[in-house]
Amino acid sequence: MTAMRANIGTMVVAFPGSFDPPSLGHLDIVRRAAGMFGELLVIVAENSRKNCLFSVAERADMLARLTEDLGNVRVGTCGGLLVDFLKAEGIRLLVRGVRGPGDFSYEFDLAMAYGTLAPGIETLFMPCDPRYFVLHSSLVKEIAAFGGDVGGMVPPLVAAALREKYGRGKGPAAGP
């Protein structure tokens, strides 16, 4: 691995993900990373293996609105190979949130692949806040699809977007 010689308070780092939908766990990592680095680029990635509920543009818009109070966070989108995007942006450090051993194993494999494809790109693993240990976007979508309350899992803006997607309007979530 390559040694980094930049002051972390001035570094531009990236936090990529599918964010379908953005959760309180995602936002926890965003806020913590934004507090450590000069600039954080949240990258909404297209993932052909996932059947996303929200379009890339919808997810990017939600994240931009959810982070507008953070002056050092910007949101971008990536439709191709992440390492190519990072090289074009001049970013050498990725932040990845991990909930447990399964996440770590998957993210570790990705970090090794990124390092092979683009030597000099490093990955920083941040453990999630214990409150979000079992929070998965697929679980959020399943609960929302059946009219369950996802208020403790996602911000109100995202909860409203989920109700709209599942045809439940702006009122309280109704049963199936």
Inset, instruction - Would you check which residues across the stretch 94-143 are over 20 Å from K50 (Cβ atoms) and basic (K, R) and list them? - result: R131
Inset, instruction - Could you tell me whether the stretch 93-100 includes any residue that is closer than 24 Å to A159 by Cα, touching a residue at least 60 places away in the same chain (Cβ under 8 Å), assigned to a loop (DSSP other than H, G, I, E, B) and of a type outside the set (F, W, Y)? - result: yes
Legend entry - Test: residue in the stretch 44-62 that is assigned to a strand (DSSP E or B) and either surrounded by fewer than 15 Cβ atoms within 10 Å (Cβ to Cβ) or on the phi < 0 side of the Ramachandran plot (or both): yes
Inset, instruction - Provide a single number: the residues in the stretch 26-68 that are under 13 Å from the mean Cα position of the chain (by Cα) and hydroxyl-bearing (S, T, Y). - result: 1
Legend entry - Pick from the stretch 1-29, criterion touching a strand residue (DSSP E or B) at 6+ places or on another chain (Cβ under 6 Å) and not in a loop (DSSP other than H, G, I, E, B), ranking: modelled with the lowest pLDDT: V12
Legend entry - Of all residues in the stretch 101-126 being touching a Gly at 6+ places or on another chain (Cβ under 9 Å) and either acidic (D, E) or in a helix (DSSP H, G or I) (or both), the one that is modelled with the lowest pLDDT: D103
Legend entry - Members of the stretch 65-92 that are not β-branched (V, I, T) and not in a loop (DSSP other than H, G, I, E, B): R65, L66, R74, G76, C78, L82, D84, F85, L86, K87, A88, E89
Inset, instruction - Look through L24, L40, L81, L86 and report the one residue that is more than 23 Å from G120 (Cα to Cα) and either crowded, with 17+ Cβ neighbours inside 10 Å or out of contact with any His (no Cβ under 6 Å at 6 or more places or on another chain) (or both). - result: L24
Inset, instruction - Assess whether E58 counts as being more than 27 Å from V150 (Cβ to Cβ) and either of a type in the set (D, E, K, R) or in contact (Cβ under 8 Å) with a residue 40 or more places away in the chain (or both). - result: no
Inset, instruction - For the stretch 137-151, state whether one or more residues are among the hydroxyl-bearing types (S, T, Y) and under 22 Å from L66 (Cα atoms). - result: yes
Inset, instruction - For the stretch 101-137, enumerate the residues that are of a type outside the set (A, V, I, L, M, F, W, C), more than 15 Å from S23 (Cβ to Cβ) and in contact (Cβ under 8 Å) with a residue 40 or more places away in the chain. - result: G115, P119, G120, E122
Legend entry - Unique residue being closer than 30 Å to G167 by Cβ, among the aliphatic types (A, V, I, L, M) and out of contact with any Leu (no Cβ under 8 Å at 6 or more places or on another chain) when the list is L66, L139, L27: L139
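The values are calculated or read from the model by the stated rules, or taken from the named source; none is laboratory data. No experiment lies behind these values; they were computed from the predicted model shown. When we count neighbours, we look across all protein chains shown, and the Cβ atoms used for this are built from the backbone with ideal geometry, even at glycine.
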